[in-house]
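The values are calculated or read from the model by the stated rules, or taken from the named source; none is laboratory data. This one's a predicted model, so the numbers in the text were calculated from it and none came from an experiment. Every residue, glycine as well, gets a Cβ built from its backbone with ideal geometry; the counts of neighbours run over all protein chains shown.
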Amino acid sequence: MMQGLIGLGGSLIKNPFQSFEEKYEVFKCFSANSPYINIFFETENYLMKTADTLEEFYEIFTFRHSVFVKECHAESEYENIEIDHFDSICDHLVIKDKKNEKIIGYYRMISSAFSNEFYSENEFNLKDLKGTKENLLELGRACIDIHHRNGQVINLLWKGIGQYSLMTDTRYLFGCTSIHSESFSLAHEMYHYLKQENKVIDNFNITPTSLYSININFDNGPCITDTMRLKSEIPSLLKSYLGAGAKIASTPAYDKDFSCIDFFTIMDIYNVSRSFKRRYFSL
């Protein structure tokens, strides 16, 4: 992979091939992708839709780069975009600020109605889950612009997820939910804290794959004395999932590329709270 800067006479200039290469990758992804499901909804301040233009695709991948690479220090082979091959087999749900039409919220959604391949399979064994006769929807790459991390945007994202789930007859939502830490001891403590809180299930025999497994015996729980500290360590996204009725269905995995601990999170739409189902998962 070419580097983003090259030397010339002792100075550094932008590599002209870097921008071309990135734009070509985005173009290939866009050319292979067309929305499986069309979502469109707007409020006074925001517009939510499935992305369907080349301009939106390029903005998505630069937006993801700004959040995951620049803000969260994930690794990327590109200087300005964050992209992988799953981006051509999914739908891209975006929220735009109507004042400037910039993308400020995003989810990548891969449905078993259209794909038999999921990003989470890199980290977790999903054989039994994929063997169910129910439709699955993987949620990934969730990100919100730092200036728009408010209840209105989160509410809109859930509305989009709900609409998409209904239109694909989805029963299970799932994905990797990250804690931006590389502490295995924290992963150990957090898993057992969530287990004590009845947030862990052992359905579907899901386990981390060998490349992402953590070398800790999770059968033996640590002595947890500071539950308030652990509660404060739970990221807001994971809190919102658990509050809606989601569960953790595996011991955690370690993603070295994104420098984080990942919890396999699954939500059975049939078992979410009545108020949550009425608000987001009803016609």
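Just the residues that are part of a loop (DSSP other than H, G, I, E, B) and crowded, with 18+ Cβ neighbours inside 10 Å, please, taken from the stretch 254-283.
Our first condition is that a residue be part of a loop (DSSP other than H, G, I, E, B); within the stretch 254-283, this holds for 256-259, 272-273, 281-283.
Those that are part of a loop (DSSP other than H, G, I, E, B) and crowded, with 18+ Cβ neighbours inside 10 Å: PHE258, VAL272, PHE281.
Against the conditions (1) surrounded by 18 or more Cβ atoms within 10 Å (Cβ to Cβ); (2) within 22 Å of ASN135 (Cα to Cα), SER115 satisfies every one except (1). In this structure, is PHE68 under 17 Å from the mean Cα position of the chain (by Cα), surrounded by 15 or more Cβ atoms within 10 Å (Cβ to Cβ) and modelled with pLDDT under 95? So PHE68 fits the description; yes. Residues in the stretch 57-64 include at least one that is among the β-branched types (Val, Ile, Thr), touching an Asp or Glu at 6+ places or on another chain (Cβ under 9 Å) and within 30 Å of GLU182 (Cβ to Cβ).
Sub-6 Å Cβ pairs linking a first residue in the stretch 140-159 that is farther than 19 Å from PHE281 by Cβ to a second residue that is among the aromatic types (Phe, Trp, Tyr) and modelled with pLDDT of 95 or more, at least 6 apart or interchain, are GLY140/TYR119; CYS143/TYR106, ordered by first then second residue. Scanning the stretch 42-63 for residues that are out of contact with any Leu (no Cβ under 7 Å at 6 or more places or on another chain) and in a strand (DSSP E or B) gives GLU42, LEU47, LYS49. If you scan the stretch 119-152, which residues turn out to be aliphatic (A, V, I, L, M), crowded, with 16+ Cβ neighbours inside 10 Å and under 17 Å from the mean Cα position of the chain (by Cα)? Listed by number, the residues that qualify are LEU126, LEU136, LEU137, LEU139, ALA142, ILE144.
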